[in-house]
Structures are given as C-alpha cells and as structure tokens.
Amino acid sequence: MGSFSVWHWLIVLLIVVVIFGTKKLRNIGSDLGGAVKGFKDGVRDGTASPEDPASPTKQVSSARTVDPGTVDVEAKTKS
C-alpha cells in the first residue's frame, strides 16, 4: 500500500472526466484561475508604495492653534 503508480492516477483521472465531463472541469479550472488572480491583485493592492498616486494622502490639519487643555467635542443634551 505504498504510493500510487502512474496507472492508478490515469484511472482516477478517467473516472473524474467521465463523472464531471470536460466542460464542467474546464469551468472549474477557469473559476479557480480567476480566484487566484483576484487574490494576487488584492494582495498587491494592500502593499501599495507611498509614491503610488492611487494611495491615500495624509490629511492636512488646520493651521489654527489649540490650547492643549481644550477638548474638541460636540455637546449633546439627553432626551
């Protein structure tokens, strides 16, 4: 009961082709390829360089000076 020989794998492949058909196997292959490509594109987008113009820019704070003891919040009344 060691490893399978080439003939075992050919028989398994033949059974899979008979059960699923070549069209369904082709669709599964193209769907899997599209998923892998989408995953690679997503990973690549997550590691964008700072020089990339599509990457978000840093927000510029307003030029007014604020007392360090002041808290900028909006007061709301309890209803």
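Things worth noting here:
- Residue check for residue 17: of a type outside the set (Ser, Thr, Tyr), modelled with pLDDT under 90 and surrounded by 10 or more Cβ atoms within 10 Å (Cβ to Cβ): yes
- Close pairs from segment 22-40: first at pLDDT below 90, partner surrounded by 10 or more Cβ atoms within 10 Å (Cβ to Cβ) and part of a helix (DSSP H, G or I), Cβ under 7 Å, at least 6 apart: 25/17
The values are calculated or read from the model by the stated rules, or taken from the named source; none is laboratory data. These figures come from a predicted structure and were not determined experimentally. Using ideal geometry, Cβ is built from the backbone for each residue, glycine included, and neighbour counts are taken over all protein chains shown.
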